[in-house]
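Coordinate-derived values only; no laboratory data. Predicted, not measured: the structure shown is a model, and the values here were computed from it. Every residue, glycine among them, receives a Cβ derived from its backbone with ideal geometry; neighbour counts consider all protein chains shown.
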Amino acid sequence: MTRTCLSIVLAAGEGTRMRSSRAKVLHEVAHRPLVLHAVDAAIRAGTSQTAVVVGRGAESVERRLGEIEPSPITVSQTERLGTAHAALAARDAIAHGYDDLLILFGDTPLVRPDTLLAARREIAAGVSVCVVGFRSDRPAGYGRLIMEGSELVAIREEKDASSEERRIEWCNGGVMALDGRRALALLERIGNANAKGEFYLTDIVAVARGEGLSVRMVTADEEDVLGVNTRAELARVEAIWQARRREEVMLSGVTLVAPETVFLAADTRLEPDVTVEPNVVFGPGVTVRSGAVVHAFSHLEGATVGEGATVGPFARLRPGADLQSKAKVGNFVEIKSTRVGAGAKVSHLTYLGDAEVGAGANIGAGTITCNYDGYNKYRTEIGANAFVGSNSSLVAPVVIGEGAYVGSGSVVTENVPADALAIGRARQVVKEGRGREINERTAARKAGGTV
Ligand code: UD1
Ligand code: CA
């Protein structure tokens, strides 16, 4: 029988050291708010329900929580009276009665689902409180684990610790699992007689021990429980997240030629046999299908790259770029809200916005869609196998039919029927000998004569 689980994510902290107008837990790692990373870990650890405790910026936090499935409920902590007090903001959910209760911090995004599962297994085995501990050679600032032999008897916060206790290298990672049936009673027994006058969640260890209940610890790496308090820590967590995900991506069958230079978003989907060259940045919402190659120095966001398609080097795919199979988008090309049909080529120096390019079409170097008149956006449709000559301006709304041919340098303002030729440029004039005349006159002027 599977056990039910409630996860409470504490996210009502002030986060003043971020020096930001934004709530701390909305700062992003891999383009996903910190708090969503914690919620995601809980979901992967099999939680049945998640409650996020919000304070400052509650509305914007709630909005972002809607991005994840299944969406967590939110409860608010109006006064910031400590971590145990924050957990009790979810009192109704706890009272609902779950087998396991997980408590996570919204500013601790690298916690591994495996660690949460290990803690849940302890609860399933009859333990009342399971703490996630880690060992650090720089433990300052963390709560210390007070052991008697192999037994965890208490957690002492830095401010309340004696100098001897401060030398302890075993620390509290913050994440905890509790027996869901006993959690409420234990949390309610926590007092606030300490240096900060706060209700410390960590006191639950001593409270449980005092009632003869069993307490256990599972371990994690310090990296897994890093909390974000400053922008510098945010960058450190980002770096660790990226390193981990690159590894996973490569193990899933993707070639990253220089992994340390590729930046992924939390929702980036790269299928097996995709190759990504150095210095590529994935913003949110990108899918790259099997066999596609993303060449160096490309930036992709909100885009789909079809099977065997190629992108870059130096390409920019913006939201709504949809490359069908074997399409080619080359260097210095920007694509926005445009579908590029199968096998179509947009090889150099082009901007396509709000367009549809048919299969097998060829878009010459320097072509741009003039999709915006300063007020509205208009669409450009280019039929299958059409040929658009270099340096053409396609003034939208405009349709270029299948198999049509646009002479290079054209400004196309009217629709071009299928298989037609359109030339929209001034006719060339040739004057014999005039080139030499101009050169001679200019040379003489430079030499000081007046001609
Ligand atoms: C906490 C632990 C400490 C542990 C460390 C690990 C306690 C008392 N201390 O300390 O033992 O080593 O994490 O990083 O639990 N929060 C609220 N409401 C509050 C207070 C806190 O929502 O009233 C939230 C914060 O937003 C944050 C989390 O709880 O996400 C932890 O609070 P924080 O003040 O950062 O605790 P630490 O001092 O880091
Ligand atoms: Ca913290």
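Overview of results
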quantity	calculated
Answer residue from the stretch 67-90, given it is closer than 21 Å to residue 123 by Cα and in contact with a strand residue (DSSP E or B) (Cβ under 8 Å, 6 or more places away or on another chain) and is farthest from ligand 2 (Cβ to nearest atom) among those	90
Any chance residue 64 is within 27 Å of residue 301 (Cα to Cα) and of a type in the set (Lys, Arg)	yes
Failed criterion for residue 17 (all others in (1) part of a loop (DSSP other than H, G, I, E, B); (2) surrounded by fewer than 21 Cβ atoms within 10 Å (Cβ to Cβ); (3) over 21 Å from the mean Cα position of the chain (by Cα) hold)	(1)
Among (1) closer than 16 Å to residue 200 by Cα; (2) part of a loop (DSSP other than H, G, I, E, B); (3) within 15 Å of ligand 2 (Cβ to nearest atom) - the single one residue 173 does not satisfy	(2)
Residue satisfying all of: in the stretch 224-269; surrounded by fewer than 17 Cβ atoms within 10 Å (Cβ to Cβ) and small (Gly, Ala, Ser); farthest from ligand 2 (Cβ to nearest atom) among these	253
Unmet requirement for residue 188, which otherwise passes all of (1) more than 11 Å from ligand 1 (Cβ to nearest atom); (2) over 18 Å from residue 111 (Cα atoms); (3) in contact with a strand residue (DSSP E or B) (Cβ under 8 Å, 6 or more places away or on another chain)	(3)
Within the stretch 183-228, tally of residues that are in a helix (DSSP H, G or I) and within 21 Å of residue 99 (Cβ to Cβ)	11
Residue within the stretch 142-161 that is surrounded by 13 or more Cβ atoms within 10 Å (Cβ to Cβ), in contact (Cβ under 8 Å) with a residue 12 or more places away in the chain, outside any strand (DSSP E or B) and of a type in the set (A, V, I, L, M) present	yes
Candidate set from the stretch 193-215 (those that are of a type in the set (D, E, K, R) and within 15 Å of ligand 1 (Cβ to nearest atom)); member that is farthest from residue 131 (Cα to Cα)	196
Checking residue 190 against (1) of a type in the set (Val, Ile, Thr); (2) under 17 Å from residue 132 (Cβ atoms); (3) buried (at least 20 other Cβ atoms within 10 Å of the Cβ), the condition it does not meet	(2)
Matching helices (runs of 4 or more DSSP H) fully within the stretch 44-128 where at least 1 residues are buried (at least 17 other Cβ atoms within 10 Å of the Cβ), on the phi < 0 side of the Ramachandran plot and more than 16 Å from ligand 1 (Cβ to nearest atom)	113-124
Within the stretch 354-396, strands (runs of 3 or more DSSP E) holding 2 or more residues that are over 15 Å from residue 341 (Cβ atoms) and under 35 Å from the mean Cα position of the chain (by Cα)	368-370
Test: residue in the stretch 23-35 that is touching a Leu at 6+ places or on another chain (Cβ under 8 Å), on the phi > 0 side of the Ramachandran plot, in contact (Cβ under 8 Å) with a residue 40 or more places away in the chain and part of a loop (DSSP other than H, G, I, E, B)	yes
Number of positions in the stretch 308-332 that are in a loop (DSSP other than H, G, I, E, B) and under 18 Å from residue 356 (Cα atoms)	8
Qualifying residues in the stretch 170-185 (those that are within 13 Å of ligand 1 (Cβ to nearest atom) and in contact with a Lys or Arg (Cβ under 8 Å, 6 or more places away or on another chain)) - the one nearest to residue 123 (Cα to Cα)	172
Flag if residue 133 is in contact with a helix residue (DSSP H, G or I) (Cβ under 6 Å, 6 or more places away or on another chain), of a type outside the set (A, V, I, L, M, F, W, C), in a strand (DSSP E or B) and buried (at least 21 other Cβ atoms within 10 Å of the Cβ)	no
Condition met for residue 137 (among the acidic types (Asp, Glu), more than 13 Å from ligand 1 (Cβ to nearest atom) and in contact (Cβ under 8 Å) with a residue 40 or more places away in the chain)	no
Residue ID - surrounded by the most Cβ atoms within 10 Å (Cβ to Cβ), chosen from residues in the stretch 398-451 that are in contact with a Lys or Arg (Cβ under 9 Å, 6 or more places away or on another chain) and in a loop (DSSP other than H, G, I, E, B)	410
Residues being more than 19 Å from the chain's Cα centre (by Cα) and assigned to a strand (DSSP E or B) - total across the stretch 250-293	3
Those residues of the stretch 23-44 which are basic (Lys, Arg) and within 12 Å of the chain's Cα centre (by Cα), in sequence order	32
